[in-house]
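The next block holds one structure in the form of structure tokens; read it before the comments.
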Amino acid sequence: TDPALIRNFCIIAHIDHGKSTLADRMLQLTGVVEDRRMREQYLDRMDIERERGITIKSQAVRLPFTALDDVTYALNLIDTPGHVDFTYEVSRSLAACEGAILLVDAAQGIEAQTLANLYMALDHDLAILPVLNKIDLPAAQPEKYAEELAGIIGCDPSDVLKVSAKTGDGIEELLNELVQQVPPPEGDPDGPARAMIFDSVYDTYRGVVTYVRVVDGWLGSRERIEMMSSKATHETLEVGIISPEPTKVPGLGVGEVGYIITGVKDVRHSKVGDTITSATGGAAEMLPGYQEPQPMVFSGLYPIDGSDYPVLRDALEKLQLNDAALVFEPETSAALGFGFRCGFLGLLHMEITRARLEREYDLNLISTAPNVIYDVFMDDGERYTVTNPSEFPEGKIGEIHEPIVKGTLLSPAEFVGPIMELCQARRGSLQGMDYLSEDRVEMRYVLPLAEIVFDFFDQLKSRTKGYASLDYEPSGEQVSDLVKVDILLQGEKVDAFSAIVHRDKAHAYGVEMTKKLRELIPRQQFEVPVQAAIGSRVIARENIRAIRKDVLSKCYGGDISRKRKLLERQKEGKKKAKMVGRVEVPQEAFISALSTE
Ligand code: GDP
Ligand code: MG
């Protein structure tokens with residue numbers, strides 16, 4: 001295809017603002033899917049990886065569209081993952097596009113995550129088409145939100161398109177605007193091939209399917225190619241486009257978007273952001289922006305039934321085939337037995353992985369509190385990278401560095417107070433605040449990542465009745481006064497409960513955990529002191545002698561299915577008890593103490 005006739009674009013939208021429905025209308029309008037074969041969320045359904053309505057893996061579909069000038073263009077819709085954990089993946093999808101539709105629910109206005117992705121799109125110099133969706137809704141306030149959008153991206157409110165993805169109203173105009181406003185791709189057709197990988201997905205039958213955007217040259221099938229980050233070479237067994245089913249093509253030229261299959265079986269051989277070139281006479285320079293996947297959050301995963309350990313190992317290995325960001329290594333805990341230390345991109349990545357392990361592999365798991373990566377510098381010059389409280393060094397510590405993030409919060413103005421309180425309590429510092437409209441505020445904070453991975457989202461939702469949203473991106477590290485707090489039962493450390501916390505919060509953590517455990521651990525034949533300590537200094541203490549209370553009494557409110565899950569786990573756990581020194585601790589006590597509900 002002539003690059004002048006190509007338009008590569010993505011849709012930036014908050015969950016539920018109508019991205020999938022808009023994609024459906026585009027598929028229909030361009031005749032890619034016949035009306036009678038149309039079903040809702042067509043592209044999502046193709047994606048077996050879809051979890052909880054969140055599209056994790058991006059996709060690219062080619063839509064032939066005949067515009068007002070009677071010329072037929074190839075529109076490539078590149079799907080982007082929507083969540084904060086996948087910032088890097090989002091940035092690569094954006095880098096594959098020249099334009100973005102900023103899709104906003106006309107009854108809701110823009111959300112933090114959308115705003116963050118918009119800023120990223122602007123960083124990539126994409127042409128932005130502001131679009132209000134759901135104008136058919138009686139609650140829609142298109143005028144109000146058009147003004148808000150115009151204010152944010154600096155256009156005239158009348159430039160904001162108004163559509164209904166549900167009824168199809170305005171969609172054709174939208175595609176015509178897209179052809180007009182999104183520039184065609186540019187590249188060197190005669191240069192050595194350079195294509196950027198913006199996604200790779202493992203398929204049981206075909207091996208890894210790699211999605212690429214060709215920047216220069218030509219990428220043909222039956223060619224030897226090189227992955228520039230690793231210099232590994234492969235043969236392209238198949239090159240194709242998706243429209244909406246995968247269709248073989250002889251090759252892809254400048255600006256084209258499609259997939260390649262090489263027969264590799266592991267997505268780590270086909271890394272997002274990497275540059276593909278020809279194995280002989282290839283390009284000298286990679287495309288900019290490549291990064292190795294960086295796990296940010298670590299947690300121990302343990303099977304409740306110890307005999308499930310091999311199943312867990314196999315399951316993690318299988319998941320890794322499709323998830324270059326997931327890392328794990330075996331770990332043993334005196335309290336929890338054999339398990340794995342796993343590294344994730346963030347909280348959602350962690351939750352999804354755990355849910356998949358439980359659902360697809362029928363495992364019952366306990367996870368330890370999430371931990372970020374700390375750099376600990378000792379007075380004697382040693383340096384430790386700590387992803388687990390058990391690795392926290394003893395001795396004279398000079399400085400501890402912890403990761404921080406730039407957070408963007410969006411909220412109705414009435415909740416500014418509670419949000420500030422929360423962020424303050426989480427060691428945040430306010431960087432700036434803007435009113436997007438009379439009653440909506442954007443707040444920017446720098447926060448330690450550790451404070452966010454610990455139930456920040458739940459707290460934010462409950463303080464703002466669910467109205468506030470948060471997005472964040474890594475922003476380096478800072479020096480902090482952190483300590484390791486250990487929990488001891490009758491003088492014996494219980495490793496699963498050790499935590500690295502800020503010194504000012506150590507006492508509160510100690511009090512909370514000792515109280516919890518006093519209630520959760522049944523009375524023994526002797527009195528059992530429960531202590532929290534920093535090194536050898538005890539900072540909180542309780543004694544177990546009261547009659548055991550029902551652990552479920554602490555499970556008031558909350559999500560019913562979570563509660564049921566907890567019940568099931570406890571039932572399993574009741575059967576087993578672990579000895580910590582002379583103290584018999586039922587596994588249910590660990591499960592309850594480690595769940596934040
Ligand atoms: P996504 O999460 O951004 O992919 O959003 P979906 O496309 O799944 O849409 C979320 C919900 O909004 C679904 O129930 C859709 O039927 C509904 N929806 C999407 N577009 C429109 C629209 O233009 N009008 C109305 N009334 N509902 C819409
Ligand atoms: Mg969707």
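Per-structure values
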| quantity | calculated |
| --- | --- |
| Stokes-Einstein D in µm²/s, Kirkwood radius over Cα pairs - the chain at 20 °C with 1.002 mPa s viscosity | 82 µm²/s |
| For the chain: relative contact order, % (alpha-carbon pairs under 8 angstrom, 6 or more apart) | 9 percent |
| Between 0 and 90°, nearest 10: helix 309-321 axis offset from the chain longest Cα axis | 20 degrees |
| Under-5 Å amide H pairs with D79, H placed in peptide plane, nonlocal only | Q59, A60, V61 |
| Neighbour cut-off at most 14 other Cβ (10 Å), DSSP loop, chymotrypsin sites (Phe, Trp or Tyr not before Pro), region 114-216 | Y205 |
| Pair-distance profile P(r), taking every C-alpha pair of region 421-556, with 10 angstrom steps and integer % | 10, 31, 28, 20, 9, 2, 0 |
| Global geometry of region 187-274, whether rounded, prolate or oblate, following the gyration tensor of its Cα atoms and the 1.5 cut on a/c | oblate |
| Region 311-363: equivalent-ellipsoid semi-axes (sqrt of 5 x gyration tensor eigenvalues, Cα, Å) | 17, 13, 11 |
| Contour minus Cα-Cα distance for Q431 and E360 (0.36 nm per residue) | 21.3 nm |
| Relative contact order of region 336-434, pairs being alpha-carbon contacts under 8 Å that are 6 or more residues apart, as % | 17 percent |
| Segment D504-M420, extension gain: residue separation times 0.36 nm, minus the distance between their alpha carbons | 28.4 nm |
| Spin-label zone in region 232-263 - amide nitrogen under 12 Å from a point set 7 Å from the Cα of D203 along the C-beta vector | 237-243, 245-249, 259-263 |
| Computed label-point distance, nm, for sites I534 and F377 using a 7 Å Cα→Cβ extension | 2.1 nm |
| The chain: angle of helix 112-123 to the longest principal axis, Cα-based, in degrees nearest 10 | 50 degrees |
| Inter-site label distance for E527 and N176 at 7 Å from Cα along Cβ, in nm | 8.5 nm |
| Overall dimensions of region 424-493 as given by Cα atoms, namely Rg and Dmax in Å | 16.5, 58 |
| Dimensionless Rg ratio for region 345-455, taking C-alpha atoms and the 2.2 N^0.38 Å reference | 1.40 |
| Residue exposure sequence - I400, I11 - by fewest surrounding Cβ within 10 Å | I400, I11 |
| Assigned charges on the beta-carbon of Lys, Arg, Asp, Glu; the chain dipole about Cα centre (debye) | 2980 debye |
| Two-site label geometry, E285 and D159: point separation in nm, points 7 Å out along Cα→Cβ | 3.1 nm |
| Relative contact order of region 112-242, defined on C-alpha pairs under 8 angstrom at six or more residues apart (%) | 15 percent |
| Alpha-carbon centroids, region 190-246 and region 396-436: separation in whole Å | 42 Å |
| Euclidean distance between Cα centres, region 123-150 to region 325-357, Å | 40 Å |
| Region 301-426, dipole about Cα centre (Lys/Arg Cβ +1, Asp/Glu Cβ -1), debye to the nearest 20 | 300 debye |
| Fewest-first sequence of T332, T236, T277, T80 by Cβ atoms within 10 Å of each Cβ | T332, T236, T277, T80 |
| Nearest-ten-degree value, helix 171-181 long axis tilted from longest Cα axis of the chain | 80 degrees |
| Three-way shape label, region 365-409, alpha-carbon gyration tensor, a/c 1.5 | oblate |
| Exposure proxy ranking, count of Cβ atoms within 10 Å, fewest first, for R383, R213 | R383, R213 |
| Ellipticity estimate at 222 nm from DSSP helix runs (n ≥ 4, -39,500 (n - 2.57)) divided over the chain, nearest 500 | -7500 deg cm²/dmol |
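Throughout, read-outs are computed from the coordinates displayed, never taken from laboratory work. Please read all numbers here as calculations on a predicted model, not as lab measurements. Ideal geometry is used to build each Cβ from the backbone, glycine not excepted, and the neighbour counts take in all protein chains shown.
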